[in-house]
Amino acid sequence: MPETHANATPEVAGLSQAEAARRLAADGPNVLEQARRRTLAQRLWDLLKQPMFALLVAAALLYTLLGDLTEGLTLAVFVLAVIGLTFYQEGRTENAIEALRELTETHARVLRDGAARDIPAREVVTGDLLLLAEGDRVAADGRVLAAHDLQVDESLLTGESLPVNKRADASTPETDDADGPGGDYRPWAYAGTFVVRGHGTLRVTATGSRSQVGRIGRSLAQLGEQRTPLQAQTARLVKALAGLALILCALMITVLGVRSGQWLPAVLSGIALAMAILPEEYPVVLTVFPALGARRLTRDGVLTRRINALETLGATGVLCTDKTGTLTENRMQVTALVTGPAQAPQVLHWPLADGAPLPDAFHGLIEHAILASAPQPFDPMEAAFHRTGHDYLRDTEHLHGDWRLAHSYALTPDLKAVTQAWKGEDAQHVISSKGAPEAVMDLCHLPEPERAVWLREVEALAARGLRVLGVAHGRHAGDGFPQSPHAFEFVWDGLIGLSDPLRAGVPAAVAECRSAGIRVILITGDYPLTARVIAAQAGLPEGGVLTGAELDALDDDALRERLRTVNVCARIAPEQKLRIVRALQAAGEVVAMTGDGVNDAPALRAAHVGVAMGARGTDVAREAAALVLTDDDFSSIVRGIRTGRRIFANLRKAMAYIFAIHIPIAGVALLPMLLGLPPLLLPLHIALLELIIDPSCAVAFEREPAEAGVMAQPPRDTRAPLFGAADMLSAALQGLCVLAGLAGVYAWARFGQAPLSEAQTRALVFVALVVSNAALILANRAPAGGFLGSLRVPNRAAYAIILFALALAALTVHWPWLRAAMDFAPLSVAQQAVAVAAGMAVLAAVVLLRWLGKALRAA
């Protein structure tokens, strides 16, 4: 529902919706020039450039040159099938990434038809009135029409780290911006910059590629994300195996060509070997798994702005979380009031009796809490003050809807209080302030005895888990305002205690973190006792409390040591979060940090995984973070960590399977050449196997559910490779088990009591390889030693692919046309049973091998 703007007039009502739609159609969307999605032809060309597909095409051409038109056409059909499968996987990945991009699109607040509306930033047009507030990203270039303490970070355009002040000037011609960005007190703001303080109104003069950032940043769309350590490790592995494939391929072609004098068949055998060794599935799974995992995370309320962060999310060892809205429901309500003289403070607790009026003594306390808040509150705490005023003061003289806000002083690290000056009926301004009790007491210059009394009241409220604020008021004559609120003469009004219920799922989520070896540290601006009570309710273990003042007194080494025993950080300013993150990282921890404000951005950027709040967070925080919580719920972070661990575990399973299955394929392609025997696997056979292997690794393992104990294990070491030497050895032993089983089948077929023909042997070995491949899928689905339990875990994709593989193998034996194309001969039921038995033996051997590996690791 659009919100009618209080000060809307015909001159400042903004564009009409119809006019905005017309301008959007004429000028195009307000977006920078982006890299276009690849066309079908580009995707096909990129696919054919990959070594595996180049080898497939070369093999099809060679079959045709040799006169084997049936084999050439059959291989061409398989090439088209593999291309179709790859297109499907790429399409799923690109669609997932595009959907995430749309979900994380920034929004802008504009004034249209006299009403404030939130619209996607891409729909902003020239002439729009942008309403800017602290934390917003400026959606387009424009002239500042109104500015209230407005400061903007223009470092994106100028490189200067300090924000610049803006002034309002409605009379400056729209074309008078020759100097461009930079410089204080200029009446212009620019797309891509951030409001770090104050608020204002901007009339849009340029959008999209016509803006400053659009004119100078066209190359930004061409920049891709850097490869993660995992991608770099895998690229090195693929490069090494590709080199090995090239050497062996050249060796095989040379040996077979010299031995037989038939070079084209030798080249075919060499291509088959190269295809057998080349693990082209690795880059596929590294793209598909994170993209689809990120898409799946959206259902858990977590938007992924940088997909590569999922590589780190599952390894998180320390989770730093704020309190309000993350651990709690962000549903603030006034629960206690304390006012009166220090000698005899009056305390009022909620709920009041139904229909009971608010005693007169407390009217001024609520009045000035409201006056120190935004007129149209966004913050839940300020909304609670307005609700209380509406409920209890609406028939009194203490509400001032017709007063005008004349000046405001934002909360700063040095003064944790908000102060606002209002112009009322008389000549003087009414000054109202609210904030941390100690800060407001300083403004009032309370003597030490009175401070001690009020601090005891603060502790009493904090012991109930309430957030406690102090309130004060004063008066000021004249239209000039001092630099600091300390120059005013304040009168102490009292304390307000607000409650915010803990989210229902938080204790269980914290317990899950503890079982997963993840430390949870509560970081809040609240009073230490309040923070400790909330931490206890959430289930955090007993530990020390670090305050902001204590943090400032510690050097980096001392802070690092102190954080080893701290579970609660209280009275922390947003700027201090960065030191906490760096201290934890210096101690070797993988840190996730939550935040929502402008000043949280450096800590969010510095953390291994920055988590911004989607509901209450600022654009600055969202831009700096890797993840955004749509519901601001702590439990969503824990679900995200569980998903990150699941993605990583499934990646390891898929990579082990890929490594293992290529060993028997390569062995069956290479060993006959070394032994002077007829080749068993040709490019046509390997192309058929690719129709099974590709969906197995990229679909079946990606859809594997999380293991039952995924959150009962400590975080993984990010310095350890995903697929290290031990994993390679385990996968290699699995592959050797399959190769041994195939060797047994070959020996039985060629040297048994009733030797089979060459075509029958080839068919038998191929069927045994397909069945053994199914055995590898089943074995690698399961956690080490838990094969039988894994059979009860649903994964329709895996079972569907296994049935498809077995059906395809049966077709190659029983369908005459395909059988002839594959150079196979018919097999009896008994002979096929031998192939199935070999696969079952492989399954038993691999399961036993994994169980022994688990036992050895445990020992």
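Here are some notes:
- Matching residues, the range 517-554, being acidic (Asp, Glu), surrounded by fewer than 21 Cβ atoms within 10 Å (Cβ to Cβ) and under 26 Å from ALA439 (Cβ atoms): GLU550, ASP552
- The one condition in (1) under 27 Å from THR298 (Cα atoms); (2) among the hydrophobic types (A, V, I, L, M, F, W, C); (3) at pLDDT 90 or above that VAL566 fails to fulfil: (1)
- Within the range 663-679, the set of residues being under 17 Å from ALA740 (Cα atoms) and either crowded, with 24+ Cβ neighbours inside 10 Å or small (Gly, Ala, Ser) (or both) comprises PRO664, ILE665, ALA666, GLY667, VAL668, ALA669.
- Scope the range 499-521; condition touching a helix residue (DSSP H, G or I) at 6+ places or on another chain (Cβ under 6 Å) and in a strand (DSSP E or B); matching residues: LEU502, VAL520
Yes/no per residue for (1) at pLDDT 90 or above; (2) surrounded by fewer than 19 Cβ atoms within 10 Å (Cβ to Cβ); (3) closer than 19 Å to GLY741 by Cα; (4) under 31 Å from the mean Cα position of the chain (by Cα):
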position	(1), (2), (3), (4)
LEU769	yes, no, yes, no
ALA782	no, no, no, yes
VAL793	no, yes, no, yes
LEU806	yes, yes, yes, no
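- Lone unmet requirement of (1) more than 25 Å from PHE766 (Cα to Cα); (2) in contact with a helix residue (DSSP H, G or I) (Cβ under 9 Å, 6 or more places away or on another chain); (3) hydrophobic (A, V, I, L, M, F, W, C) for LEU856: (2)
- Take the conditions (1) more than 30 Å from VAL520 (Cβ to Cβ); (2) buried (at least 24 other Cβ atoms within 10 Å of the Cβ); PHE634 misses just one of them, which is (1).
- Those residues of the range 400-432 which are surrounded by 13 or more Cβ atoms within 10 Å (Cβ to Cβ) and small (Gly, Ala, Ser), in sequence order: ALA406, SER408, ALA410, ALA417, ALA421, GLY424, SER432
- Qualifying residue in the range 360-368 (condition: within 23 Å of GLU134 (Cβ to Cβ) and either in contact with a strand residue (DSSP E or B) (Cβ under 8 Å, 6 or more places away or on another chain) or not basic (Lys, Arg) (or both)): yes
- Hits in the range 830-839 - residues which are surrounded by fewer than 14 Cβ atoms within 10 Å (Cβ to Cβ) and within 18 Å of HIS685 (Cα to Cα): none
- Subset of the range 109-135 that is over 15 Å from THR618 (Cα atoms) and assigned to a loop (DSSP other than H, G, I, E, B) - its residue that is modelled with the lowest pLDDT: GLY114
- Selection from the range 561-602 of residues that are in contact with a Leu (Cβ under 8 Å, 6 or more places away or on another chain), more than 20 Å from ARG532 (Cα to Cα) and touching a residue at least 40 places away in the same chain (Cβ under 8 Å): LEU584, VAL591, ALA592
- Among the numbered conditions (1) hydroxyl-bearing (Ser, Thr, Tyr); (2) surrounded by fewer than 21 Cβ atoms within 10 Å (Cβ to Cβ); (3) modelled with pLDDT of 75 or more, the only one that THR316 does not meet is (2).
- ALA726 meets the stated requirement of being free of Cβ contacts under 8 Å to residues at least 60 places away in the same chain, farther than 24 Å from ALA294 by Cβ and among the hydrophobic types (A, V, I, L, M, F, W, C).
- Restricting the range 602-623 to residues that are modelled with pLDDT under 80, assigned to a helix (DSSP H, G or I) and touching a helix residue (DSSP H, G or I) at 6+ places or on another chain (Cβ under 6 Å), the residue that is surrounded by the fewest Cβ atoms within 10 Å (Cβ to Cβ): VAL620
- Flag for LEU827 being at pLDDT 85 or above, assigned to a loop (DSSP other than H, G, I, E, B), in contact with a helix residue (DSSP H, G or I) (Cβ under 8 Å, 6 or more places away or on another chain) and buried (at least 16 other Cβ atoms within 10 Å of the Cβ): yes
- Residue in the range 691-713 that is assigned to a loop (DSSP other than H, G, I, E, B) and of a type in the set (S, T, N, Q) present: yes
- Apart from one condition, LEU337 fits all of (1) closer than 30 Å to VAL611 by Cα; (2) in contact with a strand residue (DSSP E or B) (Cβ under 9 Å, 6 or more places away or on another chain); the exception is (1).
The values are calculated or read from the model by the stated rules, or taken from the named source; none is laboratory data. Predicted model, so just to flag it, every value in this text is computed and none were measured. Cβ coordinates were reconstructed from backbone atoms using ideal geometry, including for glycine residues, and neighbour counts include every protein chain displayed.
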